[in-house]
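A quick write-up on the structure given underneath.
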Amino acid sequence: MVKGSLREGLIALATLALASSSPEAQPQVQRMSFAIMRNAIQIGQHDIAISTEGATTTVDFRTEIQVKVMFINAYSFSYAGREIWTDNHFASFRSQTNDNGATHTVSAAAGADKIAIIADGARLEAPIGAVPASFWSLDFINRMDFFHTETGKPLKIAITDLGDEQISTRMGSKRARHFRLRGGLDRDLWFDQTGAPLRYQLRGSDNSLITSEALQ
């Protein structure tokens, strides 16, 4: 009788362990990677991982850039950020940036009536409904209030829908929706028919063309 109870207990524990390690119990993760190009020469990579577990979505970002001139490192940039969303509502954000030796830390949290931001120790506020200007989803296009992911600065961004275009990508020719952003974050974005980003493009401080192209 004792042996039977022990065996049943072990079977129950094994079943529980299998259930806890089943695919249904694991977060669903979508990964996207982008080659960062400067005047058609790759200088870095940008990675996004979107993890969904129940009502919570966690989005992790990592960017690494190195620009070399005559085999000498002329410029480097690294960025790591994390957004947390609950029931499709922005909840919190944090980031660390090293811009060629200048470091910045930003954190933000949604409150009842505002977004409280701490940027390099300074306290800022953005209106409720503001979100990080990361544009990892087409859902961001319907918004106006943002804050800068590297500085925490609140932004009012005007977004113009330029319509569908056929563009060349590393995965072949793709139909993409083209949007233009103006207002403290000037760049062009292209999203595929599923709402995933295909390309980000902007002008650098030296007027070079910086493009992030989806790798898959």
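Within the group D206, D192, D120, D186, which residue is charged (D, E, K, R) and either over 26 Å from R38 (Cβ atoms) or in contact with an Asp or Glu (Cβ under 6 Å, 6 or more places away or on another chain) (or both)?
One residue alone meets the criteria, D120.
So which of A108, A130 is within 22 Å of S51 (Cβ to Cβ) and of a type in the set (A, V, I, L, M)?
One residue alone meets the criteria, A108.
Restricting attention to the stretch 30-63, and to residues there that are aliphatic (A, V, I, L, M) and at pLDDT below 95, which single residue is farthest from N100 (Cα to Cα)?
Applying the filter and picking the extreme gives A40.
Output the number of the condition that Q216 fails; it satisfies all remaining conditions of (1) free of Cβ contacts under 8 Å to residues at least 60 places away in the same chain; (2) surrounded by fewer than 18 Cβ atoms within 10 Å (Cβ to Cβ).
(1)
Listed residues I48, I41; which is at negative phi and surrounded by 15 or more Cβ atoms within 10 Å (Cβ to Cβ)?
Among I48, I41, only I48 is at negative phi and surrounded by 15 or more Cβ atoms within 10 Å (Cβ to Cβ).
Scan the stretch 163-183 for residues that are touching a residue at least 24 places away in the same chain (Cβ under 8 Å) and assigned to a strand (DSSP E or B) and jot them down.
E165, I167, T169, K174, R177, F179, L181, R182
For R170, are the conditions met, namely being under 30 Å from A74 (Cβ atoms), at pLDDT below 95 and of a type in the set (D, E, K, R)?
The answer is yes for R170.
I need the full set of residues from the stretch 67-87 which are within 20 Å of S33 (Cα to Cα) and modelled with pLDDT under 95, in order please.
V67, the sole residue that qualifies.
Which one of these is on the phi > 0 side of the Ramachandran plot and crowded, with 18+ Cβ neighbours inside 10 Å: F90, F135, F179?
F135
Would you be able to say whether some residue in the stretch 40-53 is touching a Pro at 6+ places or on another chain (Cβ under 6 Å), part of a strand (DSSP E or B) and charged (D, E, K, R)?
Checked the stretch 40-53: at least one residue is touching a Pro at 6+ places or on another chain (Cβ under 6 Å), part of a strand (DSSP E or B) and charged (D, E, K, R).
The values are calculated or read from the model by the stated rules, or taken from the named source; none is laboratory data. What you see is a predicted model; the values in this text were computed from it and never measured. Glycine gets a Cβ as well: all are built from the backbone with ideal geometry, and neighbour counts include every protein chain shown.
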